[in-house]
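See below for the structure under consideration.
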2 protein chains.
Amino acid sequence: MKPEMIMNAAGRMVPKTINGIEHPAYQGVAKFKPSGHRAAPRISTCGDYPADGNKLVGDLKTALKKCGLKNGMTISNHHHFRNGDLVMNKVFDAAAELEVKDLRWFPSASFPCQAPIIEHLKSGVIHHIEGSMNGPLGAYCSTGKMKGMAVLRSHGGRYQAVQDGEVKIDIAIIAAPTADSFGNATGDQGPSACGSLGFALADSEYAEKVIVITDNLVEFPCLPWQINGNRVDYVVELDKVGDPSKIVSGTTQITKSPDRLLIAEYAARFVEEAGIVKDGFSFQAGAGGTALSFAIYLREIMLEKKIKARFIRGGSTQHLVKMLEDGLTDYILDGQTFDLAGVESLRDNPRHVSTSPFTSYNYHGKGNFASLVDATVLGATEVDINFNANVVTHSDGRLLHGIGGWQNCLFSKCTILPIPCFRDRIPVIVDKVTTLCGPGELIDVVITERGIAINPLRQDLMDKMHGSSLPIVDIHDLQAEVEDICGGKPQPPKTGDKVVAAIKWVDGTIIDCVKSVGGN
Amino acid sequence: MKPEMIMNAAGRMVPKTINGIEHPAYQGVAKFKPSGHRAAPRISTCGDYPADGNKLVGDLKTALKKCGLKNGMTISNHHHFRNGDLVMNKVFDAAAELEVKDLRWFPSASFPCQAPIIEHLKSGVIHHIEGSMNGPLGAYCSTGKMKGMAVLRSHGGRYQAVQDGEVKIDIAIIAAPTADSFGNATGDQGPSACGSLGFALADSEYAEKVIVITDNLVEFPCLPWQINGNRVDYVVELDKVGDPSKIVSGTTQITKSPDRLLIAEYAARFVEEAGIVKDGFSFQAGAGGTALSFAIYLREIMLEKKIKARFIRGGSTQHLVKMLEDGLTDYILDGQTFDLAGVESLRDNPRHVSTSPFTSYNYHGKGNFASLVDATVLGATEVDINFNANVVTHSDGRLLHGIGGWQNCLFSKCTILPIPCFRDRIPVIVDKVTTLCGPGELIDVVITERGIAINPLRQDLMDKMHGSSLPIVDIHDLQAEVEDICGGKPQPPKTGDKVVAAIKWVDGTIIDCVKSVGGN
């Protein structure tokens, strides 16, 4: 039962329906105008909740039963525990014991630690996953064996989908490093501290039923209440909700690769020469090795020129925290913390502020923070000669990464992709990306170890870099050089016919899809 | 065109309709079960908002026009500026200049400084007010001259009404002591600092259009963003949004009346003897003279017995702040700040935490904070022998006060009304309250200078106070004694036929109504 395919505004063939439901095709940047109303969960009443505020129930299975778990429901969770999550495998084991089938799993992202859930996909407990799939679950999805079609959304797109009623969450599971029995919950304290719980905000606001699961129950009030207990139905205590060593690392690593270091340095020099680095500016750089190194180079420039940023957007790390502490920025506006220094700073420094996919990224809000950022540094698995980029599939076509905040960040005033020219001798600059995740018109600069390509749409940046000592090149020349080195263009991936995943744009339209690969 | 009247579960005749719309009659405490879904505002898109986040428009009138102001719309505002508000008169003057009619004004409360708005009620710019009316606007409403029927709601009831879609706000006006051009706003800084902006939360979440008005524009990001800019359409700068001397007072006054002091002392001794004052307990006391004095007496008891509260619920004052600073409580959970010490503490002390009508009071949530409070001390204009109480009308029938958080606080574990036996030689303890605002079953203790009456429903409290040195009395005996002193029962108010205001219960049902009085 293959879905009908249509061509969207980016020239990609995409399914008209996902798991039997119609979804609009991508229409271009800022072209799709939503017409509906926000999701409207059922009205609750305090009369149905304990007057003393104690919502504790004995165990997870009891909580799921009380929530009315049944076939076909949607179960959501956040991924702030990353690869240290100890909750979701238990949730689906409990669901299997309760003999429910065809659940939709709606995580903000899934990780290798959740690979056991493949068994629940095989047995039919879970019908399909909508959410980023890092590693084994993505690989499984790529084989085409999942019953339903996966849907990948950005962090902002996930908020949008919930807010707009595109995804109705029946039961939200919110694993919380600290909580009280009323359901107030925070991520910045406790043995499983992860920093923020922002990815669970939409879930708490719009799910019909919300279960908070914690291993650190404190007396009311748990503060800060990153999650409001007023939105929570049940609280469950577990011995251990996360593995701290896999939730956060003590330190975050800067790249040691000479090529990556060069790319990072180019990126820092680029934003300086383009006049972006000035008092009151802002930037976002993730926790990857190149991005971290970019921040370190930028720090040197800022120190030398006595420049202070107004804000830095996290994912925060010890390196950003140090910039805050050294007075190089007024604020860190943080969506997730990647190391212990980040968690501690978020908890203790009032200038290290928690943000959410709603404030930062939701495209169906009255503006969001992403477009206010002066420069954003992002990764990509592939870029094409029209600056379109891929972030979810490898050149072999396998779906191994999530979108994260990547699509949302493209709206910054200057979006820079510092990437290597090739990986494993396969060119990264291609004629056409395997999977389109970000439209080229939003990607301003591609920075490689062999040259910097500026999007011709950004004549202003071209002008600013005129006469620069940096190696400014045409992307076609860069591509040719790389193909020379690698012995030609990369082989297109050998994909099957089955659409295994739809890729959503920030506005809920389908920008591309992923086909099955081999059977591995 | 009089509305049809029916008798509700409290035995009160109430209108079936308010301004032509049906509303359910009161059915008893925790009896009404809501069946609908939450309000669902239209979905926005960032594509319709400036990418640089700058939502500033030149003036108020322009903002109102851009919001599509037209006849019959609902305009809301918060009352954190209290009697120092300099914005709302300007808003309705602008509306009058724009020649719109029949607006519904939906403030969280109105104050004497807004008396000029009576002209707009007379001219038909405003059809009616839904919100607490303190002073002249209440007096005007009482005359029966307002075109529509007023509706009074508690703070929690106002949130409930907006959340449930009972009141759809077309344009929310959010006067903000500090804001950025994106619309992030806070009340804890700036020349017009008022502390929290919690009363505007529902407005920001559910209004179709939101205008932030400030006299202290700061660079993005304005922190804390008590109001999310992501919910704001336009930002307007005014020279002065509030008169600081009328927003907060430098000091909050303890009563000097010997009778009130005695009542406050009785109240403090009562909660001590009833075993409520123990480590980890919680209480709420407002900013009135008696409530403040209660807190002072309680402080002495806590110091003497080395007892620490887990939290104190504000309205905060210098007295509560001192208790926090002296380590007599872990937290102040604060809905509004009544003096400068409160504002400063809320801003600077992480243990002084802002709450909202959503977290504290919304009855149509999954629980709220009010029912978790061990003891709450509240005022009343009248109490009857069944412990029913009135807080909005005087014995002459005139509507001169709002409900505030009063109804919501009745859900505390021990609700105490410390009130004088009579005012102006008119008994406060009556056969039947002029206006029913709170059902007797939720009012546990009435404390007067002539004795303490415990609600017979609270046999547990009766038992605890057995043998107490405090003057525990039967409420009938107290009433008889007061009538002796005052020379008989109070005269019932001389009211007309017209229903000028409906009084909502916390769940949106009509618990009582107010009739017109004289023509003054």
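The values are calculated or read from the model by the stated rules, or taken from the named source; none is laboratory data. Owing to the predicted nature of the structure, the values given are computational and were not obtained by experimental measurement. So basically every Cβ, Gly included, is an ideal-geometry build from the backbone, and we count neighbours across all protein chains shown.
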B:Val232 being of a type outside the set (Phe, Trp, Tyr), surrounded by fewer than 24 Cβ atoms within 10 Å (Cβ to Cβ) and either within 30 Å of B:Pro50 (Cα to Cα) or assigned by TED's automatic domain parsing to the domain that holds B:Ser360 (or both): no
Residue that is farthest from the other protein chains (Cβ to nearest Cβ), among those in segment A:180-195 that are in a loop (DSSP other than H, G, I, E, B) and hydroxyl-bearing (Ser, Thr, Tyr): A:Ser192
Which listed residue is farther than 30 Å from B:Lys209 by Cβ and modelled with pLDDT under 95, from A:Arg425, A:Arg450, A:Arg458: A:Arg425
Flag if A:Gly314 is within 14 Å of chain B (Cβ to nearest Cβ), crowded, with 24+ Cβ neighbours inside 10 Å, in contact with a Leu (Cβ under 8 Å, 6 or more places away or on another chain) and under 27 Å from A:Ile419 (Cβ atoms): yes
Residues (facing another protein chain (nearest Cβ under 10 Å), under 21 Å from B:Pro357 (Cα atoms) and in a loop (DSSP other than H, G, I, E, B)) located in segment A:196-233: A:Phe220, A:Pro221, A:Leu223, A:Pro224, A:Trp225, A:Asn228, A:Val232, A:Asp233
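Within the group A:Val392, A:Val353, which residue is crowded, with 24+ Cβ neighbours inside 10 Å and of a type in the set (A, V, I, L, M, F, W, C)? Write out each step before concluding.
Working: A:Val353 fails: crowded, with 24+ Cβ neighbours inside 10 Å.
The match here is A:Val392.
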Selection count, segment B:58-80, where residues are closer than 26 Å to B:Gly198 by Cβ and within 14 Å of chain A (Cβ to nearest Cβ): 2
Candidate set from segment B:367-389 (those that are surrounded by fewer than 24 Cβ atoms within 10 Å (Cβ to Cβ) and under 27 Å from B:Asp279 (Cα atoms)); member that is farthest from the chain's Cα centre (by Cα): B:Asp374
Segment A:18-35 residues that are closer than 13 Å to A:Ile503 by Cβ, paired with ones that are assigned to a loop (DSSP other than H, G, I, E, B) and hydrophobic (A, V, I, L, M, F, W, C) (beta carbon under 8 Å, 6 or more apart): A:Ile18/A:Met149; A:Ala25/A:Ala9; A:Tyr26/A:Ala9; A:Tyr26/A:Ala10; A:Tyr26/A:Phe32; A:Tyr26/A:Trp505
Qualifying residues in segment B:235-244 (those that are in a loop (DSSP other than H, G, I, E, B) and surrounded by fewer than 24 Cβ atoms within 10 Å (Cβ to Cβ)) - the one nearest to the chain's Cα centre (by Cα): B:Asp243
Which numbered condition B:Met73 misses (of (1) in the same structural domain as B:Ser204 (by TED's automatic domain parsing); (2) over 30 Å from A:Asn368 (Cβ atoms)): (2)
Subset of segment A:490-508 that is under 13 Å from A:Met13 (Cα atoms) and surrounded by fewer than 20 Cβ atoms within 10 Å (Cβ to Cβ) - its residue that is farthest from the chain's Cα centre (by Cα): A:Asp497
Lone unmet requirement of (1) within 17 Å of the chain's Cα centre (by Cα); (2) over 25 Å from A:Glu449 (Cβ atoms); (3) buried (at least 24 other Cβ atoms within 10 Å of the Cβ) for A:Cys409: (2)
Residue in segment A:297-305 that is among the basic types (Lys, Arg), more than 23 Å from A:Thr255 (Cα to Cα) and within 14 Å of chain B (Cβ to nearest Cβ) present: no
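Conditions tested, residue by residue: (1) surrounded by 15 or more Cβ atoms within 10 Å (Cβ to Cβ); (2) in contact with a helix residue (DSSP H, G or I) (Cβ under 9 Å, 6 or more places away or on another chain); (3) not assigned by TED's automatic domain parsing to the domain that holds A:Asn388.
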{"residue": "A:Ile6", "(1), (2), (3)": "no, no, yes"}
{"residue": "A:Met13", "(1), (2), (3)": "no, no, yes"}
{"residue": "A:Asn19", "(1), (2), (3)": "yes, no, yes"}
{"residue": "A:Pro24", "(1), (2), (3)": "yes, no, yes"}
{"residue": "A:Ser35", "(1), (2), (3)": "no, no, yes"}
{"residue": "A:Ala39", "(1), (2), (3)": "yes, yes, yes"}
{"residue": "A:Arg42", "(1), (2), (3)": "no, no, yes"}
{"residue": "A:Pro50", "(1), (2), (3)": "no, yes, yes"}
{"residue": "A:Cys67", "(1), (2), (3)": "yes, no, yes"}
Residue match in segment A:161-172 (condition: part of a strand (DSSP E or B), assigned by TED's automatic domain parsing to the domain that holds A:Asp233, in contact (Cβ under 8 Å) with a residue 60 or more places away in the chain and buried (at least 24 other Cβ atoms within 10 Å of the Cβ)): yes
Which numbered condition B:Asp396 fails, given (1) at pLDDT 95 or above; (2) charged (D, E, K, R); (3) closer than 29 Å to B:Gly518 by Cα: (1)
Odd one out for A:Glu382 among (1) without any contact (Cβ under 8 Å) to a residue 12 or more places away in the chain; (2) in contact with a strand residue (DSSP E or B) (Cβ under 8 Å, 6 or more places away or on another chain): (1)
Any hit, segment A:253-273, residues being in contact (Cβ under 8 Å) with a residue 24 or more places away in the chain, buried (at least 18 other Cβ atoms within 10 Å of the Cβ) and within 14 Å of another protein chain (Cβ to nearest Cβ): no
Unmet criterion (only one of (1) outside any helix (DSSP H, G or I); (2) within 21 Å of the chain's Cα centre (by Cα); (3) surrounded by fewer than 24 Cβ atoms within 10 Å (Cβ to Cβ)) for A:Tyr363: (3)
Residues of segment B:258-285 satisfying the condition of being over 11 Å from B:Pro418 (Cβ atoms) and under 25 Å from the mean Cα position of the chain (by Cα): B:Phe281, B:Ser282, B:Phe283, B:Gln284
Residue selected from segment A:31-54 under the condition in a loop (DSSP other than H, G, I, E, B) and of a type in the set (D, E, K, R), by the criterion nearest to the other protein chains (Cβ to nearest Cβ): A:Arg38
Residue among A:Asp477, A:Asp463 that alone is in contact with a strand residue (DSSP E or B) (Cβ under 8 Å, 6 or more places away or on another chain) and surrounded by fewer than 24 Cβ atoms within 10 Å (Cβ to Cβ): A:Asp477
Qualifying residue in segment B:377-393 (condition: in a loop (DSSP other than H, G, I, E, B) and closer than 30 Å to A:Asp180 by Cα): yes
Hits in segment B:274-296 - residues which are within 14 Å of chain A (Cβ to nearest Cβ) and closer than 22 Å to B:His401 by Cα: B:Gln284
Whichever residue in segment A:343-377 is out of contact with any helix residue (DSSP H, G or I) (no Cβ under 6 Å at 6 or more places or on another chain) and more than 14 Å from chain B (Cβ to nearest Cβ) and, among such residues, is farthest from A:Leu457 (Cα to Cα): A:Glu344
Elements of type strands (runs of 3 or more DSSP E) in segment A:435-520, at least 2 residues being closer than 21 Å to A:Ile6 by Cα: A:495-504, A:510-517
